[in-house]
Amino acid sequence: MSSPLLGTPGAVPADGPDAGVAAHYGDPYAEQRALARSWGVVDRSHRGVLRITGPDRLSWLNSLTTQQLEDLAVGAATEALVLSPQGHVEHQLILVDDGDSTWVHTEPGDTAPLLDFLTSMRFLLRVDPQDVSADYAVLTLQGPGTPADDRGGIALRTGSGVDLIVPRPDLEDAVAGLRSEGATLAGIWAHEALRIAAGQPRLGLDTDHRTIPHEVGWIETAVHLNKGCYRGQETVARVHNLGRPPRRLVLLHLDGSEDRLPAHGDAVLADGASVGSVGSAARHYELGPIALALVKRTTPLEATLTVDGIAAAQEVLVSPEAGANVRVDAALRRRGDLMGRAR
């Protein structure tokens, strides 16, 4: 679906997985600065939205995902994963329960596969998952100046701001109201640049079919380590208590002398040998060209890396020692400030 906000003067359409919303509205660096220093609204209406009803919905989701959801408080947003039997990440869910329904938003393109999986796991339980993407859309309020009180819709307060699920016919009016309060309208490029700088991975861009939660830092944000059984739990427990994941997420600071960004999937080389691949890349208003990459755990921290002929310095996001009591590097938490987190 194409957003009506693409009709805003200056709007430039995004492509790839973000097709359907604006990449920017004329000045992507100014939009980044607004999100980092003040506040703004980002059109993310290309994301999928599911609504799950029925009295068994939270206990059911608890049994299927990595997160503790049985006692999820009304209005408390959280993140959860669906893993394969081998512990690989298949789906990422951002969700909240309003007391009557559980609302989930997902990556573009993952809504139908996630709904298929959930539908197949209903059995005789009193649950009804539905794709309501045609009726509801996601907006994200982001920045240190984001108002603390609710701004209508279904609110999910997350690490990157406040996600609002609003009726799709009300999208333009909702954005107009936010702009009248001082919010800057920002495109997906600004949101992505700050997300990458904050070291926050995105399903399908910074992950692949082999990714396990430890490799990208999701073990802290999307996995409850003391809950009951769920698919893939054995891998999570084994790596957490005994082993180390084979790869780790890094932030690449790219040589700005090259007027290009690496493409998704480009090989990351160390001394001429491939040690990983690039996920997301962007131009940050302060840091310059940056990218997230998954590299082999054993890649030396001091190694000089290159991507598509571009020199890159690596910043550790997930420690090479990740495993027992894994913790994302403190630098990752400090980077949260770059996202203009709204609490």
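The values are calculated or read from the model by the stated rules, or taken from the named source; none is laboratory data. Predicted model only: the values in this text are computed from it and were never measured. Please note: Cβ atoms are built from the backbone with ideal geometry, for glycine as well, and neighbour counts cover all protein chains shown.
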Check: Can S63 be described as outside the structural domain of S180 (by TED's automatic domain parsing) and of a type outside the set (F, W, Y)?
Finding: yes
Check: Can you name the residue in the range 78-116 that is closer than 16 Å to I52 by Cα and among the hydroxyl-bearing types (S, T, Y) and, of all such residues, is farthest from the chain's Cα centre (by Cα)?
Finding: S101
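Results for (1) at pLDDT below 95; (2) under 23 Å from T111 (Cα atoms); (3) under 22 Å from the mean Cα position of the chain (by Cα); (4) outside the structural domain of D15 (by TED's automatic domain parsing), shown as yes or no for each residue.
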| site | (1), (2), (3), (4) |
| --- | --- |
| P169 | no, yes, no, no |
| I188 | no, yes, yes, no |
| G204 | no, yes, yes, yes |
| L261 | no, no, yes, yes |
Next item on the list: Scan the range 166-189 residue by residue and report those that are over 17 Å from L35 (Cβ atoms) and surrounded by 22 or more Cβ atoms within 10 Å (Cβ to Cβ).
Entry: none
Notebook entry, point to check: In the set G143, G161, which member is closer than 22 Å to T102 by Cα, assigned by TED's automatic domain parsing to the domain that holds D18, surrounded by 15 or more Cβ atoms within 10 Å (Cβ to Cβ) and touching a Leu at 6+ places or on another chain (Cβ under 6 Å)?
Noted result: G161
Check: Out of (1) in a helix (DSSP H, G or I); (2) under 24 Å from D15 (Cα atoms), the odd one out for E234 is which?
Finding: (2)
Check: Do we find a residue being farther than 17 Å from D163 by Cα, of a type outside the set (A, V, I, L, M, F, W, C) and without any contact (Cβ under 8 Å) to a residue 40 or more places away in the chain anywhere in the range 74-88?
Finding: no
Item checked: Set G265, G279: member being under 22 Å from the mean Cα position of the chain (by Cα) and in a loop (DSSP other than H, G, I, E, B) -> G265
Check: In the range 288-307, what residues are touching a residue at least 12 places away in the same chain (Cβ under 8 Å) and either farther than 21 Å from E192 by Cα or basic (K, R) (or both)?
Finding: K296, R297, T298, T299, P300, L301, A303, T304, L305, T306
Check: Do we have T304 as modelled with pLDDT under 95, among the hydroxyl-bearing types (S, T, Y) and more than 28 Å from R33 (Cβ to Cβ) here?
Finding: yes
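Keeping to the range 239-263, report how many residues are without any contact (Cβ under 8 Å) to a residue 60 or more places away in the chain and surrounded by fewer than 21 Cβ atoms within 10 Å (Cβ to Cβ).
9
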